[in-house]
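What follows is a short report on a single structure.
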Amino acid sequence: MRHLLAADWLKMRHRWMPRILILVLVVLLVLVLWGLASDSSRPNIFPVRGLLAALLLSSLIGAVLWPIMAGAWAGNEYSWGTVRLTLGRRPNRVEYVLSAIVTLMAWVTVSLLLAMLVGLLAGGIAATATGHQFVVTSGVPADILLTLVKTFLSVLFVGLFFVSLAYAAGTIFQSPAAGIGLGIGLAIAEQILDGIFMHLGGAWQVVANHLPAAYIQALPSRVMSPAMTGSFVTKSGPGVGECLLGLGLYIAGLVAITLLVFQSRDVTG
Amino acid sequence: MPGSNQSLITSEAAPAALAIETHGLTKQYRAVLAVDQVDLEVHRGEIFGFLGPNGAGKTTTMRILLGLIRPTSGSARMLGMDIRSHLTAILDRTGSIVENPTFYPYLSGRDNLRVVARLTGAREQEIGRVLDLVDLARDAGRKYRHYSLGMKQRLAVAGALLHDPDVLILDEPANGLDPAGTVDMRNLMRRLKEQGKTVFISSHVLHEIEQICDRIAILNQGRVLVQGSVDDLLSGSDAVEIKIGDAAAALRVLQGLDWVGDPRQEGEYIVVKVEQSRAADVNRILAEQQLYASEIRPKERSLEQYFLGLTERPSR
């Protein structure tokens, strides 16, 4: 596994796409924080709460960015034929999939750390520009650091779902376009379905509460809600434990399908 | 053994001496039988040519050996180990190029070899050595997507040699190489053999194969038609060439003999199909007619003639 991880990380470091996607994340984050600075949510973007806001916004933007990276990563190995380069030297296919997912999650982690840095700077600038100190401590709960760690992990967990979804699509259809398209498309389709089911009510609403979209929306909000003010985060939907279990099952299912297809596949072409 | 009626194995070897060994190897894709009961024996330290027309099953067989494709039935062993249970250990000692070279287009040649080094556990210091070996050191910093086909092929060879493998599986390694590159490749194969490495090579360039290979197997429609040493296979001709002054008269005489087949003139020689042991009888009969041959010799076949003779007729 260490051989695959070393090779995958080298490939990641030299690739332009991850850098461009991080740049897109940073730009969008700055724009949104700029907008929120003149909003009633303004106290939530000042440091240290601003770090939580940056993570929540990254989770929303990541619903598009993480599938682009993961779908392209999986599908390009087929379009370039490089899956043969790797499997002709490291034939363990379970390790191949796990190494790719770990590498992609390492990139998501780096993206989130950068997003937090941007959140800190942008929030600090907004705070000083509005006559506050760079770090605003009034009204901030004492356990904010613990909340920050939990939020970071919950956003990573949501990212793992998107990475698994797009990686599965890219692998199953052996195409970067399918990986990206299905990764983003399913996430959007799910939001639409969620809206329809909620509107229908009754049993449909129960189904909607168990779609990945429900867990994805609820998990980071629920975790960070004690530290935030006003209506910045929603406090409805499934609880944290339910979200972790539900999303965990979806992720396990996606990885299992990927392994099942990839393990029995003849690598040709 | 199924398929053995069409296989000719001209030399035997103890299993320990075999680098690659397959028994009844078969791959079926729905209605297409890509590889059909293939039995191969590649000895350690030899250059083994794997020949066949397009679609004969050469690449599929090579992919099975590398674990990229799972066989429908049959078994394969490399370096004494079963490919099903010891694939990782086998690939640690195997270098390969299968079909077209595949590398990451956004990486330079050198960085692609760094990826290969990390996958194989080879030392990165070895990269300079293999780049020099394939004459790519000057272009190592260029992106792979800007490489010519010949450069891509040479990078693939460098990648295959990076971890100093015992066995090389090379599918059409001379593809895209210019004449000088082809000669370099031939010399490289010979050097590898001198170092004790086993080279299992497929190629359409039969002239090259004839020059460098110790033994060959010819595959057609998924089946091994023949397998053995190049010398043995090519010397097994059943024709003789006769150089004689009055060729027209000699042809008339030979056409009257029912045990002589297909007499014809090829340049300054008359070629007849006859057992080598009866060449003296041919000479005697011609002499009785006052026709004196200045030369009678076995007709040598080129690998190309031999290959075409085998693959142009139906194998089943």
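Would you check if there is a residue in the stretch B:159-176 being farther than 19 Å from A:Leu85 by Cα, within 16 Å of the chain's Cα centre (by Cα) and at pLDDT below 90? The answer is no, given that none of the residues of the stretch B:159-176 is farther than 19 Å from A:Leu85 by Cα, within 16 Å of the chain's Cα centre (by Cα) and at pLDDT below 90. The condition of being surrounded by fewer than 21 Cβ atoms within 10 Å (Cβ to Cβ) and either hydrophobic (A, V, I, L, M, F, W, C) or at pLDDT 90 or above (or both) holds for only one of A:Arg15, A:Arg2, that being A:Arg15. Per the listing B:Leu168, B:Leu155, the residue uniquely buried (at least 21 other Cβ atoms within 10 Å of the Cβ), part of a helix (DSSP H, G or I) and among the hydrophobic types (A, V, I, L, M, F, W, C) is B:Leu155. Residues that are exposed (fewer than 12 other Cβ atoms within 10 Å of the Cβ) and in a loop (DSSP other than H, G, I, E, B) were ranked within the stretch B:276-310; the one that is modelled with the highest pLDDT is B:Gln290. Here B:Gln195 does not qualify as touching a Lys or Arg at 6+ places or on another chain (Cβ under 9 Å), closer than 30 Å to B:Ile20 by Cα and not charged (D, E, K, R). Applying the condition of being part of a helix (DSSP H, G or I) and either more than 8 Å from every other protein chain (Cβ to nearest Cβ) or under 30 Å from the mean Cα position of the chain (by Cα) (or both) to the stretch B:105-114 and asking which residue is nearest to B:Leu91 (Cα to Cα) yields B:Leu113. Output yes when any residue across the stretch B:123-143 is under 22 Å from A:Tyr96 (Cβ atoms) and either surrounded by 24 or more Cβ atoms within 10 Å (Cβ to Cβ) or within 10 Å of another protein chain (Cβ to nearest Cβ) (or both), and no when none is. No, the conditions are met nowhere in the stretch B:123-143. Kindly establish whether B:Asp139 is more than 21 Å from the chain's Cα centre (by Cα) and among the acidic types (Asp, Glu). Here the answer is yes, as B:Asp139 does meet what is asked. Looking across the stretch B:51-66, the residues that are modelled with pLDDT under 90 and part of a loop (DSSP other than H, G, I, E, B) come down to B:Gly52, B:Pro53, B:Asn54, B:Gly55, B:Ala56, B:Gly57. Exactly one residue among A:Leu31, A:Leu25 is more than 14 Å from chain B (Cβ to nearest Cβ), buried (at least 19 other Cβ atoms within 10 Å of the Cβ) and either touching a residue at least 12 places away in the same chain (Cβ under 8 Å) or among the aliphatic types (A, V, I, L, M) (or both), and that residue is A:Leu25. The set of residues in the stretch B:84-99 that are more than 7 Å from chain A (Cβ to nearest Cβ) and either touching a Ser or Thr at 6+ places or on another chain (Cβ under 7 Å) or surrounded by fewer than 22 Cβ atoms within 10 Å (Cβ to Cβ) (or both) comprises B:Arg84, B:Ser85, B:His86, B:Ala89, B:Asp92, B:Arg93, B:Glu99. Taking (1) more than 9 Å from chain A (Cβ to nearest Cβ); (2) outside any strand (DSSP E or B) in turn, B:Thr102 satisfies each apart from (1). Restricting B:Ala156, B:Ala180 to residues that are at pLDDT below 85, of a type outside the set (Val, Ile, Thr) and in the same structural domain as B:Arg63 (by TED's automatic domain parsing) narrows the list to B:Ala180.
Here is a check on your reading of the model: is B:Ile64 more than 8 Å from chain A (Cβ to nearest Cβ), crowded, with 21+ Cβ neighbours inside 10 Å and either of a type outside the set (Asp, Glu) or more than 30 Å from B:Gly141 (Cβ to Cβ) (or both)? Criteria met by B:Ile64.
The values are calculated or read from the model by the stated rules, or taken from the named source; none is laboratory data. For clarity, every value in this text was computed on a predicted model and none was experimentally measured. Note that we place each Cβ from the backbone using ideal geometry, even for glycine, and neighbour counts take in every protein chain shown.
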